[in-house]
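Remarks on the structure that follows.
The values are calculated or read from the model by the stated rules, or taken from the named source; none is laboratory data. Fair warning: this is a prediction, and the values are worked out from it, not measured in the lab. Heads up, the Cβs are rebuilt from the backbone with ideal geometry, glycines too, and the neighbour counts pull from every protein chain shown. Note: accessible area is taken over every heavy atom of the protein model, side chains too, but ligands, DNA and RNA are not part of it. Shrake-Rupley method; radii C 1.70, N 1.55, O 1.52, S 1.80 Å.
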Amino acid sequence: MAKNQYRVISVGGSIIIPPEGFNIEFLKKFKELILNRVKLGEKFILVIGGGSTCRKYQQAAKESTNVSDLDLDWLGIHTTHLNAKFVGLLFNGWAETELIINPTKKIKSRKPVLIAGGWKPGCSTDYDAVLLAKTYGAKELINLSNIDYIYNSDPRQNPHAKKMETLSWVELRQIVGDKWIPGANLPFDPVAAKTAQKLGLTVKFAKGVDLACLKNVLDGKIFQGSLIK
């Protein structure tokens, strides 16, 4: 990795605020881990998702009124901005105050941490993270989820689902499909997968609340999770 190269991390919204509420101790440790790397000269773009907050709003909207997929996407995008603003405060002093909402444009900043939220309807922040990797010249994307591996089917519905430690983009796209559905709870956005495949990106998929695992990912060591390439 080149000096002064930003590393792009897609942080699932449920890592920041899980369904049961904020885990303050985890957030403090996550901040400490990132800032320890910053003090060694590393730089990060943290792309923050909507997670369960997004899905709760979308579900309530669907149950209470008639809404289009476009409306649901915009609702989700705004929840990513809320979560991203919170993370910006978490890294107050270290992070750029301007929130990145257009992943195709570089912003001028001397800060070591940049924070991004959702951009346009029709995709998730996984896609924004892929575009940011392209914009900032990163060849690798780290994806932090609330599950440990990508499975060949939903392990919550299929007890025989098999974890996949290494898989190709073709294999991943067979799992996630090609169509984006607002609020879809997939391991990786289908639109993002298609673009990442074209760019030849490597994605390291790991459980974000496992900070020891995240440290191994950042160190380039063997980690518990899935490698997509």
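Of note:
- Size-normalised alpha-carbon gyration radius of the stretch 106-229, reference 2.2 N^0.38 Å: 1.06
- Karplus-derived HN-Hα couplings along the stretch 157-165 (A = 6.51, B = -1.76, C = 1.60, θ = phi - 60°), whole Hz, x at Gly and Pro: 10, 10, x, 9, 4, 9, 6, 10, 6
- Per residue, the convex hull spanned by the alpha carbons of the stretch 95-167 comes to 131 Å³.
- Taking Cβ atoms as reference points and 13 Å as the exclusive limit, the residues near F205 contribute a net charge of -3, counting Lys and Arg as +1 and Asp and Glu as -1.
- Annotation: per residue accessible area for the stretch 84-229 equals 51 Å², rounded to a whole number [probe 1.4 Å, protein chains only].
- Of the peptides 213-220, 202-209, the order by per-residue mean of other Cβ atoms within 10 Å, starting with the highest, comes out as 202-209, 213-220.
- A Förster radius of 30 Å, combined with the Cβ-Cβ distance separating E140 from V67, puts the computed FRET efficiency at roughly 0.25.
- Accessible area ranking (1.4 Å probe, heavy atoms, ligands and nucleic acids excluded), largest first, for F86, F30: F86, F30.
- Our analysis of the stretch 1-94 gives Rg over Rh at 1.07, with the two radii drawn from alpha carbon positions and Rh computed by the Kirkwood formula.
- Global form of the stretch 138-190, assessed from the alpha-carbon gyration tensor, a/c cut-off 1.5: rounded
- In the full protein context, the stretch 7-78 carries 50 Å² of accessible surface per residue, based on a 1.4 Å probe and ignoring ligands, DNA and RNA.
- Heavy-atom accessible surface of the stretch 80-177: percent carbon and sulfur, 1.4 Å: 51 percent
- Once all protein chains are placed together, R55 keeps about 70 Å² accessible to a 1.4 angstrom probe.
- S109, S10, reordered so the largest accessible area comes first (probe 1.4 Å): S109, S10
- Summed side-chain charge close to V170 - residues other than V170 whose Cβ falls under 14 Å, Lys, Arg +1, Asp, Glu -1: +2
- Helix-only CD estimate at 222 nm, as mean residue ellipticity for the chain, using -39500 (n - 2.57) per DSSP H run (n ≥ 4): -12500 deg cm²/dmol
- Two tests apply to each whole DSSP H helix in the chain, Cα reach of 30 Å or more along its axis and mean Kyte-Doolittle hydropathy of at least -1.0, and the ones passing both are 69-90.
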